[in-house]
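I'd like to ask some things about the structure below.
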Amino acid sequence: MSSRMRARVAAVGLVAALCWSTSGFVGVASAAPCAQLDDQRGWGQPVWCAEFDDYLDPNEWAVYDSPGHAGNGRRSPGQLFLGDGSLFLYGATDGTTAGLAARYTQLYGRWEARIRLYPGAGSYHPVALLWPAGGGGGVVPDGGQEIDFLEVIDDPERQHPNFFMHTSSGREEAHANLDMTTWHTYAVENSPEGVVGYIDGQEWFRSSVAATTPMSPCLQLDWFPGEGSAGDAWMEVDFLRIYAMT
């Protein structure tokens with residue numbers, strides 16, 4: 001499956017090579033207006049969105065060009081592909097993989113991403129997360145706060161999503177059973193009352209502890225060699241949307 005998918009997406013063309021930079025990493029408005037959505041959840045309309053229809057604007061995205069997670073492998077802009085209205089992250093067998101962070105940051109609000117995974121190497125961890133501004137791409141975020149609202153660990157068939165929240169209070173987590181080879185929407189809310197995680201609109205994580213610094217969303221395919229089966233892996237993202245806390 002991976003070789004066929006790679007051929008199809010590669011034909012669409014590579015994402016423009018953008019480099020990670022912490023300079024200017026502040027909340028910025030989306031270059032294009034977000035589509036009006038049917039607001040059945042009471043979240044209002046997105047204040048920032050990426051539908052991945054055309055290209056990655058360097059004013060909105062920091063694309064990793066750096067050593068991989070814990071120094072393993074490498075994150076390269078050449079492992080990102082756009083096609084069929086999706087963003088694809090590809091991790092090769094040698095640990096050359098991909099990651100990127102939106103430059104938009106906010107403290108309180110909601111973040112959601114619609115993601116589909118493909119069976120692949122257990123050594124690859126697909127991750128959608130929030131980090132403080134400047135975190136990601138090998139940069140350690142200030143304060144050590146991190147919210148992984150989707151992380152898949154040593155799961156070649158992509159059936160067991162995990163939620164991890166790291167703060168000064170320690171780590172909290174949740175786990176589920178779900179066929180992630182079909183489309184699902186993963187979301188997280190940070191408010192003064194705490195953090196809530198959702199899958200397809202259904203709550204699956206709740207904590208009374210809140211993040212205390214502005215956060216930016218990141219999409220990563222992290223390589224953990226020797227931890228799970230070897231091989232390659234794909235992660236497909238249909239959209240990423242950010243909502244203000246009203």
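Report, by residue number, each residue of region 167-214 that is touching a helix residue (DSSP H, G or I) at 6+ places or on another chain (Cβ under 9 Å) and farther than 14 Å from LEU130 by Cβ.
Selection gives SER168 alone.
Could you look through region 187-212, keep only residues that are buried (at least 17 other Cβ atoms within 10 Å of the Cβ) and assigned to a loop (DSSP other than H, G, I, E, B), and pick out the one that is modelled with the highest pLDDT? I'd like the intermediate steps shown before the answer.
First pass over region 187-212, keeping only residues buried (at least 17 other Cβ atoms within 10 Å of the Cβ): 187-190, 195-199, 204-205, 207, 210-211.
So of that shortlist, the ones also assigned to a loop (DSSP other than H, G, I, E, B) come out as 210-211.
Numbers: ALA210: 95, ALA211: 92.
Only one residue fits best here, namely ALA210.
Additional query: Answer with yes or no whether LEU221 is outside any loop (DSSP other than H, G, I, E, B) and either in contact (Cβ under 8 Å) with a residue 24 or more places away in the chain or farther than 21 Å from TYR90 by Cβ (or both). Walk me through how you get there before you give the answer.
Numbers: outside any loop (DSSP other than H, G, I, E, B): yes; either in contact (Cβ under 8 Å) with a residue 24 or more places away in the chain or farther than 21 Å from TYR90 by Cβ (or both): yes.
The answer is yes for LEU221.
Examine region 89-111 for a residue that is crowded, with 20+ Cβ neighbours inside 10 Å, assigned to a loop (DSSP other than H, G, I, E, B) and polar (S, T, N, Q), and state whether such a residue exists.
yes
Return the residues of region 166-182 that are modelled with pLDDT of 95 or more and either surrounded by fewer than 13 Cβ atoms within 10 Å (Cβ to Cβ) or assigned to a strand (DSSP E or B) (or both); say none if nothing qualifies.
Residues of region 166-182 that are modelled with pLDDT of 95 or more, as a first pass: 172-182.
Residues satisfying the conditions are GLU172, GLU173, ALA174, HIS175, ASN177, ASP179, THR182.
Okay, moving on. Does any residue of region 121-138 turn out to be surrounded by fewer than 16 Cβ atoms within 10 Å (Cβ to Cβ), modelled with pLDDT of 95 or more and polar (S, T, N, Q)?
No, because not a single residue in region 121-138 is surrounded by fewer than 16 Cβ atoms within 10 Å (Cβ to Cβ), modelled with pLDDT of 95 or more and polar (S, T, N, Q).
The values are calculated or read from the model by the stated rules, or taken from the named source; none is laboratory data. Keep in mind that this is a model prediction, so the values were computed, not measured. So basically every Cβ, Gly included, is an ideal-geometry build from the backbone, and we count neighbours across all protein chains shown.
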